[in-house]
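Enquirer: Sending over a structure as structure tokens; questions will come in a sec.
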Amino acid sequence: MGALMQAYRKAMQFDYTGARVGDTATCAASAGAREMKILMVDDHPLIRSALRYVLAELDTGLELLDAADGAAALRAIDEHADLDLVLLDLALPDMDGREALARLRARRPDVPIVVLSASEDTESVRTALDGGAMGFVPKSSSNQVMLGALRLVLAGGVYVPLQALPAEPVSARPCGALDPAGIGLTERQSEVLALMVQGKPNKLICRELGLAEGTVKIHVTAILKALEVTNRTQAVIAANRLGLSFPATKH
């Protein structure tokens, strides 16, 4: 939380207006352009103020919404159809963070959610990613790490913090850019894995690739076997760790 507190102290030099759900705080809005809209879900006003300062570097036009608990977050995600991103703290006063994540994902599976948490243990990270989060950023992360993670997620990737990565590569394979064919994946399996890395569930993969759900499940099973893992989260972590390079998805 140190980096965010430093950001908060700097933010006090500027005039940022706190926003409630339904209101907005605009940072350096660009005339005529659609602003990126981000929902911040955290019950600590100081953290939200610090995030405003950090997020101001993310985009020249930025609209930020506040939610102090899970219920407010659910209202906001229903009311704002044009949300680009949700930043979610897991320690909410009215509901468990995993429940909030699940309910937000169910409401809007198209909106990426990044967990910002004071917890940094591997289990918390993997539980969040298993629950559909597109990234997990510890609050102790530097501003540069946080911004890099958010840019990756907004570009369609999944951010996995270093502490969640295995100490050694899968089967001691070397890191670096690697063609998925090098670990035995077919072209179609590579396309499925590329969409898994983007955090897309089987139903969306079916839709994007024009495949039956049973066929996608067969491909996912083959992918897990090739990566020597047992679930989707481990597959995403392994793909990032190996530096797999994916071709453009064909439709």
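Enquirer: Conditions: (1) in contact with a helix residue (DSSP H, G or I) (Cβ under 9 Å, 6 or more places away or on another chain); (2) more than 20 Å from Ser119 (Cβ to Cβ); (3) outside any loop (DSSP other than H, G, I, E, B); (4) modelled with pLDDT under 90. Leu58 meets all but one. Number of the miss?
Expert: Status for Leu58: all satisfied but (3).
Enquirer: May I ask you to verify whether Ala71 is in the same structural domain as Val54 (by TED's automatic domain parsing), at pLDDT 95 or above and more than 21 Å from Met196 (Cβ to Cβ)? Give the steps one after another, and end with the answer.
Expert: Numbers: in the same structural domain as Val54 (by TED's automatic domain parsing): yes; at pLDDT 95 or above: yes; more than 21 Å from Met196 (Cβ to Cβ): yes.
Yes.
Enquirer: Here's a follow-up. Would you check which residues across the range 61-87 are of a type in the set (A, V, I, L, M, F, W, C), in contact (Cβ under 8 Å) with a residue 40 or more places away in the chain and farther than 23 Å from Gly156 by Cα and list them?
Expert: The answer is Ala67, Ala72.
Enquirer: Which condition number does Leu65 fail, the rest of (1) touching a His at 6+ places or on another chain (Cβ under 9 Å); (2) outside any strand (DSSP E or B) being met?
Expert: (2)
Enquirer: Sticking with this structure for a sec: Show the residue pairs that are 6+ apart or on different chains and have beta-carbon atoms under 9 Å apart, the first residue being within the range 219-238 and in the same structural domain as Val192 (by TED's automatic domain parsing) and surrounded by fewer than 17 Cβ atoms within 10 Å (Cβ to Cβ), the second being among the hydroxyl-bearing types (Ser, Thr, Tyr) and part of a helix (DSSP H, G or I).
Expert: Short answer, once both residue conditions are applied: Glu228/Ser171.
Enquirer: Here's a follow-up. Only residues that are touching a His at 6+ places or on another chain (Cβ under 6 Å) and farther than 19 Å from Ala155 by Cα: list them for the range 175-215, please. Working first, answer last.
Expert: The first filter runs over the range 175-215 and keeps only residues touching a His at 6+ places or on another chain (Cβ under 6 Å), leaving 189, 192.
Matches in the range 175-215: Gln189 only.
Enquirer: Would it be correct to say that Lys250 is under 25 Å from Arg108 (Cβ atoms), at pLDDT below 80 and either of a type in the set (Gly, Ala, Ser) or not assigned by TED's automatic domain parsing to the domain that holds Met134 (or both)? Explain how you work it out, then say what you get.
Expert: Values: under 25 Å from Arg108 (Cβ atoms): no; at pLDDT below 80: yes; either of a type in the set (Gly, Ala, Ser) or not assigned by TED's automatic domain parsing to the domain that holds Met134 (or both): yes.
Here the answer is no, as Lys250 does not meet what is asked.
Enquirer: Let me ask something additional. Given the condition assigned to a strand (DSSP E or B) and farther than 18 Å from Arg48 by Cα, answer yes or no: does some residue in the range 137-147 qualify?
Expert: No, the range 137-147 has no match at all.
Enquirer: Could I ask something else about it? Looking at Ala235 and the list (1) closer than 12 Å to Arg188 by Cα; (2) hydrophobic (A, V, I, L, M, F, W, C); (3) within 23 Å of the chain's Cα centre (by Cα), which single condition is not satisfied?
Expert: All conditions are met except number (1).
Enquirer: On the basis of being more than 30 Å from Thr230 (Cβ to Cβ) and at pLDDT below 95, does Glu63 make the cut? Explain how you work it out, then say what you get.
Expert: Numbers: more than 30 Å from Thr230 (Cβ to Cβ): yes; at pLDDT below 95: yes.
In short, yes.
Enquirer: Only one of these is surrounded by 22 or more Cβ atoms within 10 Å (Cβ to Cβ) and assigned to a loop (DSSP other than H, G, I, E, B): Ala133, Ala81, Ala128. Name it. Steps first, please.
Expert: Working: Ala81 fails: surrounded by 22 or more Cβ atoms within 10 Å (Cβ to Cβ); Ala128 fails: assigned to a loop (DSSP other than H, G, I, E, B).
Checking each option against the conditions leaves just Ala133.
The values are calculated or read from the model by the stated rules, or taken from the named source; none is laboratory data. All values reported here derive from a predicted model rather than from experimental measurement. Methodologically, a virtual Cβ is constructed for each residue, glycine included, from the backbone with ideal geometry; neighbour enumeration extends over all protein chains shown.
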